[in-house]
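Novice: Please find one structure pasted underneath; my questions will follow.
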There are 2 protein chains.
Amino acid sequence: MAAARNTPDTSPEARAQLLEAQDRFIASWGRMGSVWGISRTMAEVHALLYITGQPMCTDEIMERLGVSRGNVSMSVRSLLEWGVIEKVRHAGDRKEYFQAEQDVWSMLRAIARERIKREVDPLLDALDEIGELAPQVEAKSQEEIRALHKRLDEIRDGFGLITTLAHKFAGPRGAGLQTAARLLAKAPVGRKRTHERTRKGDAS
Amino acid sequence: MAAARNTPDTSPEARAQLLEAQDRFIASWGRMGSVWGISRTMAEVHALLYITGQPMCTDEIMERLGVSRGNVSMSVRSLLEWGVIEKVRHAGDRKEYFQAEQDVWSMLRAIARERIKREVDPLLDALDEIGELAPQVEAKSQEEIRALHKRLDEIRDGFGLITTLAHKFAGPRGAGLQTAARLLAKAPVGRKRTHERTRKGDAS
DNA sequence: TTCGATTTTCAGATTTCATTGAAAATCACT
DNA sequence: AGTGATTTTCAATGAAATCTGAAAATCGAA
């Protein structure tokens, strides 16, 4: 039977709900992906692998998400580069399977790392270059040029600080976030979440 | 003469360099804008106002950036909503002038605030919703559904923590970043900046 | 209130980016 | 090496975001 690996003894209704919930998550994560400048499909593939937790092959992903083979191939490659999924081989099966990193923090760190690489580092480089471009503060009365440098430096310092901070978290062994965050999260500062923690259960 | 407000006694070459450097900054900031999912023009307008520090009217912006009137109008409106620029009126002049917030940190906070609003909050809302969608852990053997909830909760907690942290910084009076960052930046953690601090001058 | 200067709006043109699909390349196994 | 299954690449297509420009609305001054 094709039911194998994927289907424990679960009622059809419950299974439908499971799939529905997964799809919702995939859709949300995909939407966020676009907002973040990541292709929607790439985000969806990741969401699918993360939320199911199971290794899946190209065809399974294609089918579940309804996207083309080429698209899956490219998305999977990027995700591998990001280090948020990994290849898994099944003995006696030629297909490649992919599985998502299951530790949330390591995953979030990977995302942060990539985003900094794409969104901040190039700007810092550009700022350095520009700073060197216009250093001729020949004489007095060059008020504007000095002002330019001041602003460039301020921006650079700002982003530099953020980057340093972020690297500490995003770095390979950045255990930092959890602890640091928890630490900082303590002091009261007008928390403003609009919806409450509505999770029930957990009881038993 | 038209030279007025904008032109102190500066040599033409120095002025050219100034403009060149400004343009480079504008271009870089604009490029980042696209990466961030902000329209390039909006980012460029902001860059222009920030780096010159001067209030400018629609026509000046149009001319300097070479974009249409409508585009400037829309960009300026968004920037006002973000709270990173403000209107300035000159007595006896009907035109509206715009000036960028000059404090870097307040500016960075504004940017962070907007990005969280667009990039994280909707995801958290969606996660809550999904969590409620599939709560029927009817019996035992519903391993997969429990696993789903576990993953949803983990992601939600992760982002929740990040959001809390970020709100602390991005909040209206979030003096936090500077101090907190400086604090955290102290402990040594394999700084990896690829280029050195090359700013000279500052001497005299 | 009237008038002209200024700003806003928005349908259509343009540009940018993601996706497809099929051909080419790769690869595991014999 | 040969073979067929699997993956990768990439030109062409499609979709989405952005921008323009001119008409309509707004606004301040007289």
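The values are calculated or read from the model by the stated rules, or taken from the named source; none is laboratory data. Every value quoted in this text rests on a predicted model; they were computed, and no experiment measured them. Methodologically, a virtual Cβ is constructed for each residue, glycine included, from the backbone with ideal geometry; neighbour enumeration extends over all protein chains shown. When the accessible area is computed, the model is the full protein with side chains, heavy atoms only, and any ligands, DNA or RNA have been set aside. Shrake-Rupley method; radii C 1.70, N 1.55, O 1.52, S 1.80 Å.
Novice: Could you tell me whether residue B:82 is touching a residue at least 24 places away in the same chain (Cβ under 8 Å), within 14 Å of chain A (Cβ to nearest Cβ) and farther than 18 Å from residue A:148 by Cα?
Specialist: no
Novice: Report yes if residue B:143 is over 29 Å from the mean Cα position of the chain (by Cα), at pLDDT 60 or above, within 30 Å of residue A:53 (Cα to Cα) and open to solvent by 20 Å² or more (accessible area, probe 1.4 Å), otherwise no.
Specialist: yes
Novice: Going by what's in this entry, would residue B:45 be described as within 8 Å of DNA strand D (Cβ to nearest atom), at pLDDT 95 or above and hydrophobic (A, V, I, L, M, F, W, C)?
Specialist: Against the criterion (within 8 Å of DNA strand D (Cβ to nearest atom), at pLDDT 95 or above and hydrophobic (A, V, I, L, M, F, W, C)), residue B:45 does not qualify.
Novice: Here's another thing I want to ask about it. Condition (residue is open to solvent by 20 Å² or more (accessible area, probe 1.4 Å) and outside the structural domain of residue A:165 (by TED's automatic domain parsing)) applied to segment A:116-125: is it met by at least one residue?
Specialist: Checking segment A:116-125: not a single residue is open to solvent by 20 Å² or more (accessible area, probe 1.4 Å) and outside the structural domain of residue A:165 (by TED's automatic domain parsing).
Novice: Just checking, which of B:44, B:96 is within 28 Å of residue A:152 (Cβ to Cβ), touching a strand residue (DSSP E or B) at 6+ places or on another chain (Cβ under 9 Å) and among the charged types (D, E, K, R)?
Specialist: B:96
Novice: Quick check on segment A:88-104: of everything there that is more than 9 Å from DNA strand D (Cβ to nearest atom) and surrounded by fewer than 17 Cβ atoms within 10 Å (Cβ to Cβ), which residue is farthest from residue A:48 (Cα to Cα)?
Specialist: Of everything passing the filter in segment A:88-104, A:92 is farthest from residue A:48 (Cα to Cα).
Novice: Follow-up. Can you tell me which residue among A:122, A:135 is within 30 Å of residue B:25 (Cα to Cα), modelled with pLDDT under 95 and in a loop (DSSP other than H, G, I, E, B)?
Specialist: Just a single option satisfies the conditions, and that option is A:135.
Novice: Something else about it: Given the conditions (1) surrounded by 17 or more Cβ atoms within 10 Å (Cβ to Cβ); (2) within 14 Å of chain B (Cβ to nearest Cβ), report the number of the one that residue A:53 does not fulfil.
Specialist: Single failed check for residue A:53: (1).
Novice: Considering A:76, A:72, which residue is over 13 Å from the mean Cα position of the chain (by Cα), within 11 Å of DNA strand C (Cβ to nearest atom) and buried (at least 20 other Cβ atoms within 10 Å of the Cβ)?
Specialist: Sole residue among the options that is over 13 Å from the mean Cα position of the chain (by Cα), within 11 Å of DNA strand C (Cβ to nearest atom) and buried (at least 20 other Cβ atoms within 10 Å of the Cβ): A:72.
Novice: Next question. Answer yes if at least one residue in segment A:30-39 is away from chain B (no Cβ under 14 Å) and within 13 Å of DNA strand C (Cβ to nearest atom), and no otherwise.
Specialist: no
Novice: A further question follows. Would you call residue B:63 open to solvent by less than 30 Å² (accessible area, probe 1.4 Å) and within 20 Å of residue B:18 (Cβ to Cβ)?
Specialist: no
Novice: Yes or no: residue B:3 open to solvent by less than 10 Å² (accessible area, probe 1.4 Å), at pLDDT below 90 and farther than 23 Å from residue A:123 by Cβ?
Specialist: So residue B:3 does not fit the description; no.
Novice: Would it be correct to say that residue B:56 is among the hydrophobic types (A, V, I, L, M, F, W, C), in contact (Cβ under 8 Å) with a residue 40 or more places away in the chain and not assigned by TED's automatic domain parsing to the domain that holds residue B:163?
Specialist: yes
Novice: Every residue in segment A:99-118 that is touching a residue at least 60 places away in the same chain (Cβ under 8 Å) and within 11 Å of residue A:166 (Cβ to Cβ), please.
Specialist: Listed by number, the residues that qualify are A:109, A:115.
Novice: Ok, one more. Out of all the residues in segment B:79-86, is one or more in contact with a strand residue (DSSP E or B) (Cβ under 9 Å, 6 or more places away or on another chain), more than 14 Å from residue B:29 (Cβ to Cβ) and surrounded by fewer than 22 Cβ atoms within 10 Å (Cβ to Cβ)?
Specialist: Yes; the residues of segment B:79-86 include at least one that is in contact with a strand residue (DSSP E or B) (Cβ under 9 Å, 6 or more places away or on another chain), more than 14 Å from residue B:29 (Cβ to Cβ) and surrounded by fewer than 22 Cβ atoms within 10 Å (Cβ to Cβ).
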